[in-house]
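Beneath this line is the structure, given in C-alpha cells, with notes to follow.
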Amino acid sequence: MLFIGGVLRPLGVGLLLLGLFAPISGIGFRRGRLSNGFLGEPSKIPTLQGSQHSEDLWFEQRLDHFKSSDVRTWQQRYFVNADFYRNDSSAPVFLMIGGEGEASAKWMREGAWVHYAEHFGALCLQLEHRFYGKSHPTADLSTENLHYLSSEQALEDLASFVTAMKVKFNLADGQKWIAFGGSYPGSLAAWAREKYPQLIYGSISSSGPLLAEVDFKEYFEVVKASLAAYKPECVEAVTRSFAQVEILLKHMIGQRSLDEKFKTCTPIKDSIENDLDMANFFENLAGNFAGVVQYNKDNSPHATITIDDICDVMLNTTAGPPVTRLGLVNDMLLKEANTTCLDYKYEKMVADMKNVSWDSETAKGMRQWTYQTCHEFGFYQTSANPTDTFGDRFGVDFFIRQCMDVFSKNMDAKFLQLVVSGTNDNYGALKPKTTNVLYVHGSIDPWHALGLVKSSNPALPTIYIEGTAHCANMYEPVKTDPPQLVAARNNILKFLAKLLNGYTSALI
C-alpha cells in the first residue's frame, strides 16, 4: 500500500490522463447548483478503478413515512461495492447519501471514501435521493406530488434502507454505519446521525449548509473574497464591468452592444422594461463567477475553468474595457456549456420549470431542488446593493417570485420565512446536537458561510481547508492536490479510526 493524495491506495493503480469531461457553465448554474447536481462525479481524470461497473439495485420504499394509513411504495435505486468488505462482525458499513441530482455509480469505485473503505474493510452502499435520478416515487413532478419531497422524508428513507440492509447482508448490530455526504447530502449526513443515532454511528459532513436562510446574501460576499484571494484587482475589474453594463443599458446603442458582447438569444431592447428579465440577465452574469468559484480547482468534472482563468481575462486591459472582458468570460462559459447564446427570458425559464414530466430537462433536478428551496431552505444567492460588485438586480424578491410563479402563489415571503424557521428549529441550524460528526469545509466555497467551520466544543469537530472549494475533500485524490487538502484527508482518516476503534470524537 502507498499513501497518495493523503489516503491509502493499492500499488499498481495509476491515474490515466484521458479526455476531460465537459462541464456545465454558469448558464446552467442556479441556486448554487449546477444542472447535474452539486457534487457530480468523483473525478475529472478517469481512473482504472472508475471503469468498473456497479449495477443498479432497487429497494422498495414507502411513499409517505409520516402517514401510517398510506401504504403506497415505490422503487428507490441504490448501489453496492463489497470489494473491500471484510465480512466479519467488526467491519464497518459506509453509506454515501445521494442528493439533488442523479446518483453516479462511479462513486462506488472512486472518491476519497472508497480509499477509506479499503483501509477499514468497509462495505460501501449508496442510496439515491427520492425524486432525483431514476428514483421516481410518483408518476410525474406535479406540485401535488412534490409534497413527498423533503429532507425529512429523505432521512426516513435512509433509516428504512439501513434497517433493511442490515437484514439483507446479515449485518451484526455492532457493525458501525458511517454516513458520507457532500453539500445538501452533507447536511443530511449530519442530520441522519442526529435523528437516528441507533442506526448511524458517525458521519463525515462535507460542505453541508446547516443554517437555512431565505436571503443568502453571504454567498456572493464569499465569491468576491475568493476572487480577491487570487488578486484584489480582479474584484475591482468585475465591479467596474457590471457598472458599465448598467450604463450601456441606458440607451439603444449600448443595448445593441451588450447583445453582441454577451451573445443574447433575444435583443435586450425587448426586455429593458421587464425587471424580471433583467434580473435573470444579471443573475446569469454573476452566476458565471459563482460557478467557477464554487468548484475552483476541485478534481471534479465541474472544475475546468478556474478563478485564475477568469481573473486573468478580467485583468487583461489589452482586451478592451471591463465590460468587454466580462463578455469574454461569458463566452468562455457559453463555450464550455456547448451553448450558443445567453437565454435570460424569465417567462421561458418559468415555463421550463413548470414542466412536470420526468423526461423534461428540468427533471434532471432543477425543478425538484427549486421546490426544496421554496419549501424548506431558501438559500437564495442574492445581490441587492447598487454599489456592490454584482449590483442590485437580483434581490430576494426575485427568487420568492419564482417560487410563486412555478409552484404556488401561497409560497410568498411570509411562507418562506415560516418554513425556513421550521427547518432551523427542526435540525438545530449552527447549534446541532450531534456527536461523532466531522464537519468539513473549504474557504473558497461560498457554502461554508452557512456551515459549521469552527467549534470550541470537542463534540463538534471541524476541518476548515484554506484555499479549497466545494466538497474538495470528497473527490478522487490526485498528486497535484495542495498539501492542506492532503492533510485534511489524513485527518478525516484519523477521525474515522477513532470512531471505528471505539474512541470518542475529538477536535482534530
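A few remarks follow.
- The chain: angle of helix 275-294 to the longest principal axis, Cα-based, in degrees nearest 10: 50 degrees
- Among (i) 29.1; (ii) 40.4; (iii) 22.8, the entry derived from the coordinates for mean projected area of the Cα convex hull in nm²: (iii)
- Taking amide H as placed 1.01 Å from N in the peptide plane, Ser300 has its amide H under 5 Å from the amide H of Lys44, each at least 5 places away in sequence or on another chain.
- Selection from Asn274, Asn288, Ser257 lying farthest towards where the dipole of the range 255-317 points positive, charges on Cβ: Ser257
- Helix-only [θ]222 nm of the chain, DSSP H runs n ≥ 4, -39500 (n - 2.57) each, per residue, nearest 500: -11500 deg cm²/dmol
- In order through the range 484-489: 3J(HN,Hα) via Karplus (6.51 cos²θ - 1.76 cosθ + 1.60), integer Hz, x for Gly, Pro: 5, 6, 4, 5, 5, 5
- Highest mean packing first, where packing is the average number of other Cβ atoms within 10 Å per residue, the peptides 469-479, 150-160 line up as 469-479, 150-160.
- Accessible carbon and sulfur surface of the range 214-422 relative to its total accessible area, %, 1.4 Å: 54 percent
- For the residue pairs Lys224/Lys454; Lys431/Lys454; Lys217/Lys414; Lys217/Lys269; Lys297/Lys498, alpha carbon separations beyond 23 Å are given by Lys217/Lys269; Lys297/Lys498.
- Part-to-part distance (alpha-carbon centres) for the range 316-342 and the range 237-313, which is given in Å: 8 Å
- Legend: calculated FRET efficiency, Asn426 to Ile253, from the Cβ-Cβ distance at R0 = 56 Å, rounded to 0.05, equals 0.55.
- Euclidean distance between Cα centres, the range 62-137 to the range 157-200, Å: 9 Å
- Mean sequence separation of contacting Cα pairs (under 8 Å, at least six apart), scaled by the length of the range 103-196, corresponds to a relative contact order of 19 percent.
- Rounded to the nearest 10 degrees, the angle from helix 413-427 to the longest Cα principal axis of the chain is 30 degrees.
- Long-range amide H partners of Met96 with built H, under 5 Å: Leu125, Gln126, Leu127, Phe180
- Computed magnitude of the charge dipole of the chain (debye, nearest 20; Cβ of K, R +1, Cβ of D, E -1): 940 debye
- Lys/Arg +1, Asp/Glu -1 at C-beta; the range 45-162 dipole; positive extreme among His119, Gln76, Ser150: His119
- Cβ-isolated cysteines (cut-off 4.7 Å), the chain: Cys124, Cys471
- GluC sites (Glu not before Pro) restricted to DSSP loop in the range 330-414 with at most 10 other C-beta within 10 Å: none
- Residue-by-residue Karplus 3J(HN,Hα) for the range 321-335, coefficients 6.51, -1.76, 1.60, Hz, glycine and proline x: x, x, 5, 5, 5, 4, x, 5, 4, 4, 4, 4, 7, 4, 5
- DSSP beta bridge pairing in the chain, given as percent antiparallel to the nearest 5: 40 percent
- Nearest 10 degrees, 0 to 90: helix 218-230 Cα axis against the chain principal axis: 80 degrees
- Accessible area of the chain divided out per residue, in Å², using a probe of 1.4 angstrom: 39 Å²
- Net charge, Ala190 excluded, C-beta distance under 13 Å - Lys, Arg +1, Asp, Glu -1: +3
- Segments 117-128, 407-418 sorted - mean Cβ within 10 Å per residue, highest first: 117-128, 407-418
- For the range 385-500, the dipole from Cβ point charges (+1 on Lys and Arg, -1 on Asp and Glu) about the Cα centre works out to 480 debye, to the nearest 20.
- Take 278-289, 246-257, 168-179, 192-203 and order them by the average number of nearby Cβ atoms within 10 Å per residue, most first; the result is 278-289, 192-203, 168-179, 246-257.
- Net charge in the neighbourhood of Leu334 (other residues with Cβ under 11 Å of its Cβ; Lys, Arg +1, Asp, Glu -1) is -1.
- For the range 389-437 versus the range 439-480, the spacing of their alpha-carbon centroids is 23 Å.
The values are calculated or read from the model by the stated rules, or taken from the named source; none is laboratory data. Note that this is a predicted model, so its numbers are computed, not measured. Because the Cβ atoms are built from the backbone with ideal geometry, glycine has one as well, and the counts that use them run over all protein chains shown. To get the accessible areas, we keep the full protein, side chains included, count just its heavy atoms, and leave off ligands, DNA and RNA. Shrake-Rupley method; radii C 1.70, N 1.55, O 1.52, S 1.80 Å.
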